[in-house]
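All remarks here apply to the structure that follows.
Only the coordinates and a few stated rules stand behind these numbers; no lab work does. Being a predicted model, the structure only gives us computed values, none of them experimental. Using ideal geometry, Cβ is built from the backbone for each residue, glycine included, and neighbour counts are taken over all protein chains shown.
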C-alpha cells in the first residue's frame, strides 16, 4: 500500500492498462501467469474462511476493490495513511481468512 503513495502515476497506469483494448489476450494471460503464486496464497487463506465457496474471480475482485479503496484513502489523507492501511488490511483479512 505504501507503493500507492510513492507511485501514484504507476498506479494510474496500471488502472488504465486494466481496461485497455490495446492489451492482447496473450499479454493478459502472461500477466495472469505471473500472479499464480498470489492466487495460490489467496486460495490457502480463504480455504476455511467465509468466502471458501465463492468463485476465485469474485474473491479477487472484492480484494482488489478493498485494496483500491484503501489506497485512495491513503493518497487523499497521507497524514493518516498508516491508519488507513492497517484498517484496509484488517478488513481484507477478516473478509477472506
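Of all residues in the stretch 70-87, those being exposed (fewer than 14 other Cβ atoms within 10 Å of the Cβ) and either within 25 Å of residue 36 (Cα to Cα) or without any contact (Cβ under 8 Å) to a residue 12 or more places away in the chain (or both) number 7.
When residue 46 is tested against (1) in contact with a helix residue (DSSP H, G or I) (Cβ under 6 Å, 6 or more places away or on another chain); (2) more than 19 Å from residue 61 (Cα to Cα), just one condition goes unmet, and that condition is (2). Checked against (1) in contact (Cβ under 8 Å) with a residue 40 or more places away in the chain; (2) assigned to a helix (DSSP H, G or I), residue 90 passes all but a single condition, namely (1). Take the conditions surrounded by 11 or more Cβ atoms within 10 Å (Cβ to Cβ), out of contact with any strand residue (DSSP E or B) (no Cβ under 9 Å at 6 or more places or on another chain), free of Cβ contacts under 8 Å to residues at least 60 places away in the same chain and not in a helix (DSSP H, G or I) and apply them to residue 62. Does it pass? No, not satisfied.
Here residue 49 clears all of (1) part of a helix (DSSP H, G or I); (2) farther than 19 Å from residue 3 by Cβ except the condition numbered (1).
Taking the stretch 1-24 as the range and being within 27 Å of residue 90 (Cα to Cα) and in a loop (DSSP other than H, G, I, E, B) as the test, the residues that pass are 1, 7.
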